[in-house]
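Worksheet: the structure to be examined is printed underneath.
The values are calculated or read from the model by the stated rules, or taken from the named source; none is laboratory data. Just so you know, these numbers come straight off a predicted model, no measurement behind them. Don't worry about glycine lacking a Cβ; one is built from the backbone with ideal geometry, like all the others, and counts go over all protein chains shown.
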Amino acid sequence: MPTPRTIDFSRLTDKEIEDKLKGLNIPLATEEAKKIQHEILKRPPTVAECVLWSIEGSEHCSYKSSRPFLKQFVTEGPTVMLGPAEDAGIVEIARDNAGKKYGIVMSHESHNHPSQIVPYEGAATGIGGNVRDVACMGAKVIACADSLRFGQIQNPKSTWIHAGVVSGIAGYGNPIGVANIGGDAYYNPSYNENCLVNVVTLGVLSEDDIIHSKAPENSDGFDIILVGKPTDNSGFGGASFASLKLKEEESEANKGAVQEPNAFLKRHLLKAAYTLFAILKEKDLLSKVGFKDLGAGGISCAAVEMADSVGLGAEIILDKVPTAMENLSPEVILCAETQERFMWVAHPDITNIIVEHYNKTFDLPKVSKGARAALIGKIRADGQFVVKHNNETYVRARAGDVTQGIQYNRPYQKPNRLLAEPLIPEPKSYNEILLKVLSHENVACRVPIYEQYDKNVQGISVIEPGEADAGVMQPFKSLPREDAEYPPEIQKTGIALSVDQNPRYCKIDPYLGAVNAVIESMRNVASVGAAPHALTDCLNFGNPENEEQMWEFAEGTRGVADAGRAIHIKEYPASPVPIIAGNVSFYNESEKGSIAPSPVIACLGKLRDVDRAITMHLKNTNSVLLMTGERRDELGGSVYYDICNELGANLPNPDLKNVEQQIFALTDAIDAGMILACHDISDGGIAVALCEMSFKNEIGFNASVPAQMRPDQILFSETGGFIMEAAPDKIPAVREVFSRRNVQVFEIGKTASEKRIIINSVVNLDLTQAKDSWTNGLREKL
């Protein structure tokens, strides 16, 4: 029998340590390896322990460079049922007449490096892991949204990655029956060698459905049960691979770090889990179990994190782990990220219920070769994490030392760069410029992406992608289905979901870019009538070891924190909208440089009555067009400047208090039935916002936007705000609502029966021509 290999780093020079780790493909720094031996274990580590620390101690798992910055965020509040401490956060969204709380579960994750190397599988398993995170809280998964960043659209590699990623999201999300209700996509040269695939997933539950992704308190001797696919070598080292610079020459070798999806097995596992939740709840056993996704680090991270979360340890017997391949090394069995797996921690009296549920009732071994539930270990009271194979000990360490990783206090420094506003001559033809802006890949219609997604698979979607700035669902809708109906008094509650971030803004100023990402995601949900209720973040940045890139992260997190604290929950005016889940993704760079700082923000909005939700599309002729958000010279990162191959300094710099009052006034007016359509002003400015509102129902308009600026600045400045459509007889009431919030409203024009787009007397376009430009702009480039 092979015995555990150990490495005595004290006998090696720094160069020999570096070579030894590289030869074993263990991405530990030399100083980290020495610290593990001399300060943590106080003995030479085994190879398995080195692999374990390279994964659990990676940026992806231990947040070793980012943890102090995340403490800025508001993560608690009167609506928070569970903050960012487990696999997903939970926010209260409704309460029945008996006072029982109902929550929305949110998780936000990235799968960037895998999607760059193997686009289909990388994106598919990104969806898979995020869905598992939400299900592990005891929730029924109801929706997802994707935020995608690709390189220059003229680059054939970018369009190849685009095709694979979108197909992977559809090829996984559609079969498992989860609706895709939103997202965003940007194309920018900084993502040429490092795409971003960020995913948000939502679930629904009541407060007495919650299962925690940790071991129960005082669970010494509880069983550890592995469920799902047999373990193979796919995804081995995936978490540490996600914490390294991407190198083109290593792309083939790195494909092994990408997991392999099986959407149909996942659907079966979800159904089995939902049924098991009901059984455990009926028997009043939910407090005696923990349930966790096997994602980064596989068995190792799931077991040690579940145990250490309550100050306990765990013992894993690798011989008991079902495997799909012969002669897998103990390190691979322990740390491979094989997909479609879960872990239960359960009281021994419950173990047979769980094992037989999967193996007999849901017949896992017949559904998928080698799949099953298996007892693989125990919880320990002594706080030790122990891993054995063939009666040999491969890992023995304090569980808390493993989960803590190796923390850093990275230095950071502002780069020495100055950016001024470019001098751009006034356009000779505003019609031509507007058509170019409408067809720009970062403005044009996203149908080529979301046409591949199932958007209403569960029958609870109310507003689908393309209809408004946010997707809307009715999570408690009464449907003929297996589970019990929700109380009538909460069934009309609606939720809205938006995801947003502009890479050009963040490249110019990571602080303001992050502020705008938060505000834009909130404006999006407000545009359908939903008040911002919770946030999640996925913080995608470059190399934290680079002082300038670490500065970008520090500024980005400061922007997220400031904007989040400034906007409050409408029902609780003293409480900021909380951040209930998130993720940090570092090392998004290649030999050619780093991505633009990309703090992607998701906002969940709440509608008191989902029937009040509105779309962006103009409804009637002879309606009045209203604007809130005075136009300013804020074109720095605009699409207009991009068309001119320029970048400026003047980013949208929102007055956060005014933004909050705009949102509250708008949602007041929509809830009162005063607004027919609404669209926020963002990419492409007010000209694009007006056009996009007109296209679906082909209703023309004549608008005159007030501002003391050149026409191109008025039309294409990306200062935030809203465009609203209202019936003439509603205008006094709308003005009154906004006045109460001390928000200015400008009457800027009317809709018309003639199919023409007229703005400030400088644009006079046939609506059909403009619509064609916008509709085909992205599709033709792809």
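Considering every residue within segment 442-458, establish whether at least one is closer than 22 Å to residue 652 by Cα, outside any loop (DSSP other than H, G, I, E, B), out of contact with any strand residue (DSSP E or B) (no Cβ under 7 Å at 6 or more places or on another chain) and among the aliphatic types (A, V, I, L, M).
Step one: of segment 442-458, the residues closer than 22 Å to residue 652 by Cα are 442-444.
From the residues that got through so far, the ones that are outside any loop (DSSP other than H, G, I, E, B) too are none.
No; the residues of segment 442-458 include none that is closer than 22 Å to residue 652 by Cα, outside any loop (DSSP other than H, G, I, E, B), out of contact with any strand residue (DSSP E or B) (no Cβ under 7 Å at 6 or more places or on another chain) and among the aliphatic types (A, V, I, L, M).
Among (1) more than 17 Å from residue 212 (Cβ to Cβ); (2) touching a Leu at 6+ places or on another chain (Cβ under 7 Å), where does residue 302 come up short?
Condition not satisfied by residue 302: (1).
Only residues that are in a strand (DSSP E or B), of a type outside the set (S, T, N, Q) and either at pLDDT below 95 or under 17 Å from the mean Cα position of the chain (by Cα) (or both): list them for segment 489-523, please.
495, 496, 497, 499, 500
Could you please tell me which pairs satisfy a Cβ distance under 7 Å, a separation of 6+ or placement on different chains, a first residue in segment 350-368 that is closer than 21 Å to residue 263 by Cβ, and a second residue that is surrounded by 18 or more Cβ atoms within 10 Å (Cβ to Cβ) and charged (D, E, K, R)?
Filtered contacts from segment 350-368: 358/372; 364/372; 365/372; 368/229.
Limited to segment 580-622, what total is found for residues that are β-branched (Val, Ile, Thr), in a loop (DSSP other than H, G, I, E, B) and under 30 Å from residue 103 (Cβ atoms)?
Within segment 580-622, the subset β-branched (Val, Ile, Thr) is 580, 584, 595, 600-601, 610, 614-615, 621.
When the remaining residues are screened for being in a loop (DSSP other than H, G, I, E, B), the result is 595, 614-615, 621.
Adding the requirement that they be under 30 Å from residue 103 (Cβ atoms) leaves 614-615.
Result for segment 580-622: 2.
Check whether at least one residue in segment 141-158 is in a helix (DSSP H, G or I) and not polar (S, T, N, Q), and report yes or no.
Yes, there is a match, as at least one residue in segment 141-158 is in a helix (DSSP H, G or I) and not polar (S, T, N, Q).
How many of the residues in segment 92-122 are farther than 13 Å from residue 339 by Cβ, under 14 Å from the mean Cα position of the chain (by Cα) and not in a strand (DSSP E or B)?
Result for segment 92-122: 1.
Examine segment 533-544 for a residue that is out of contact with any Ser or Thr (no Cβ under 7 Å at 6 or more places or on another chain) and surrounded by fewer than 20 Cβ atoms within 10 Å (Cβ to Cβ), and state whether such a residue exists.
Taking every residue of segment 533-544 in turn, none turns out to be out of contact with any Ser or Thr (no Cβ under 7 Å at 6 or more places or on another chain) and surrounded by fewer than 20 Cβ atoms within 10 Å (Cβ to Cβ).
Just one of the numbered conditions (1) assigned to a helix (DSSP H, G or I); (2) free of Cβ contacts under 8 Å to residues at least 24 places away in the same chain is not true of residue 125; which one?
(2)
Condition check: out of contact with any Pro (no Cβ under 7 Å at 6 or more places or on another chain), in a helix (DSSP H, G or I) and not polar (S, T, N, Q). Does residue 486 satisfy that?
It is false that residue 486 is out of contact with any Pro (no Cβ under 7 Å at 6 or more places or on another chain), in a helix (DSSP H, G or I) and not polar (S, T, N, Q).
Which number in (1) buried (at least 18 other Cβ atoms within 10 Å of the Cβ); (2) part of a helix (DSSP H, G or I) marks the one condition that residue 743 misses?
Only one criterion is unmet by residue 743, namely (2).
Report, ordered by the first and then the second residue, all pairs with beta carbons closer than 7 Å, sequence separation of six or more or different chains, a first member in segment 174-201 that is without any contact (Cβ under 8 Å) to a residue 60 or more places away in the chain, and a second member that is outside any helix (DSSP H, G or I).
Matching pairs, first to second residue: 189/151; 189/152.
Looking at (1) touching a residue at least 40 places away in the same chain (Cβ under 8 Å); (2) crowded, with 19+ Cβ neighbours inside 10 Å, find the lone condition where residue 74 falls short.
(2)
Got a number for residues in segment 163-175 being farther than 13 Å from residue 124 by Cβ and buried (at least 24 other Cβ atoms within 10 Å of the Cβ)?
0
Of the residues 666, 715, 651, 690, which is at pLDDT 95 or above and part of a loop (DSSP other than H, G, I, E, B)? Steps first, answer last, please.
Working: 666 fails: part of a loop (DSSP other than H, G, I, E, B); 715 fails: part of a loop (DSSP other than H, G, I, E, B); 690 fails: part of a loop (DSSP other than H, G, I, E, B).
When all the criteria are applied, what remains is 651.
Go through 56, 86, 32, 92 for me and flag whichever is surrounded by 15 or more Cβ atoms within 10 Å (Cβ to Cβ) and at pLDDT 95 or above.
Unique residue meeting the criteria: 92.
Results for (1) of a type in the set (Ser, Thr, Tyr); (2) more than 12 Å from the chain's Cα centre (by Cα); (3) within 20 Å of residue 188 (Cα to Cα), shown as yes or no for each residue.
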{"site": "540", "(1), (2), (3)": "no, no, yes"}
{"site": "546", "(1), (2), (3)": "no, yes, no"}
{"site": "555", "(1), (2), (3)": "no, yes, no"}
{"site": "558", "(1), (2), (3)": "no, yes, no"}
{"site": "571", "(1), (2), (3)": "no, yes, no"}
{"site": "597", "(1), (2), (3)": "no, yes, yes"}
{"site": "604", "(1), (2), (3)": "no, no, no"}
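In this structure, does residue 477 turn out to be over 28 Å from residue 160 (Cβ atoms), of a type outside the set (Gly, Ala, Ser), in a loop (DSSP other than H, G, I, E, B) and modelled with pLDDT of 95 or more? Break it down stepwise before answering.
Values: over 28 Å from residue 160 (Cβ atoms): yes; of a type outside the set (Gly, Ala, Ser): yes; in a loop (DSSP other than H, G, I, E, B): yes; modelled with pLDDT of 95 or more: no.
No.
Residues are listed down the side, and each one gets a yes or a no for (1) at pLDDT below 95; (2) hydrophobic (A, V, I, L, M, F, W, C); (3) out of contact with any strand residue (DSSP E or B) (no Cβ under 8 Å at 6 or more places or on another chain):
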residue	(1), (2), (3)
126	yes, no, no
129	yes, no, no
139	no, yes, no
144	no, yes, no
151	no, no, no
165	no, yes, no
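Kindly list, by first and then second residue, each pair from a residue in segment 699-712 that is closer than 24 Å to residue 620 by Cβ and touching a residue at least 40 places away in the same chain (Cβ under 8 Å) to a residue that is in a strand (DSSP E or B) and aromatic (Phe, Trp, Tyr), limited to pairs with Cβ atoms under 8 Å and residues at least 6 apart or on different chains.
Qualifying pairs under 8 Å: 705/746; 706/746.
Can you find even one residue in segment 396-406 that is among the aliphatic types (A, V, I, L, M), under 30 Å from residue 545 (Cα atoms), within 29 Å of the chain's Cα centre (by Cα) and part of a loop (DSSP other than H, G, I, E, B)?
Taking every residue of segment 396-406 in turn, at least one turns out to be among the aliphatic types (A, V, I, L, M), under 30 Å from residue 545 (Cα atoms), within 29 Å of the chain's Cα centre (by Cα) and part of a loop (DSSP other than H, G, I, E, B).
Among the residues of segment 190-226, write down those that are within 23 Å of residue 274 (Cα to Cα) and either of a type in the set (Lys, Arg) or part of a loop (DSSP other than H, G, I, E, B) (or both).
210, 211, 212, 213, 214, 215, 216, 222, listed by residue number.
Taking residue 452 as meeting all but one of (1) surrounded by fewer than 22 Cβ atoms within 10 Å (Cβ to Cβ); (2) under 19 Å from the mean Cα position of the chain (by Cα), write down the number of the exception.
(2)
Mind listing just one residue for me: the one in segment 176-193 that is hydrophobic (A, V, I, L, M, F, W, C) and crowded, with 24+ Cβ neighbours inside 10 Å and, of those, farthest from residue 131 (Cα to Cα)?
Of segment 176-193, the ones hydrophobic (A, V, I, L, M, F, W, C) are 176, 178-179, 181, 185.
Going one step further and asking which of them are crowded, with 24+ Cβ neighbours inside 10 Å, we end up with 178-179, 181.
On the way: 178: 9, 179: 11, 181: 14 Å.
Top of the filtered list is 181.
I'd like to verify a number: residues in segment 746-779 that are surrounded by fewer than 21 Cβ atoms within 10 Å (Cβ to Cβ) and within 34 Å of the chain's Cα centre (by Cα), how many?
Result for segment 746-779: 4.
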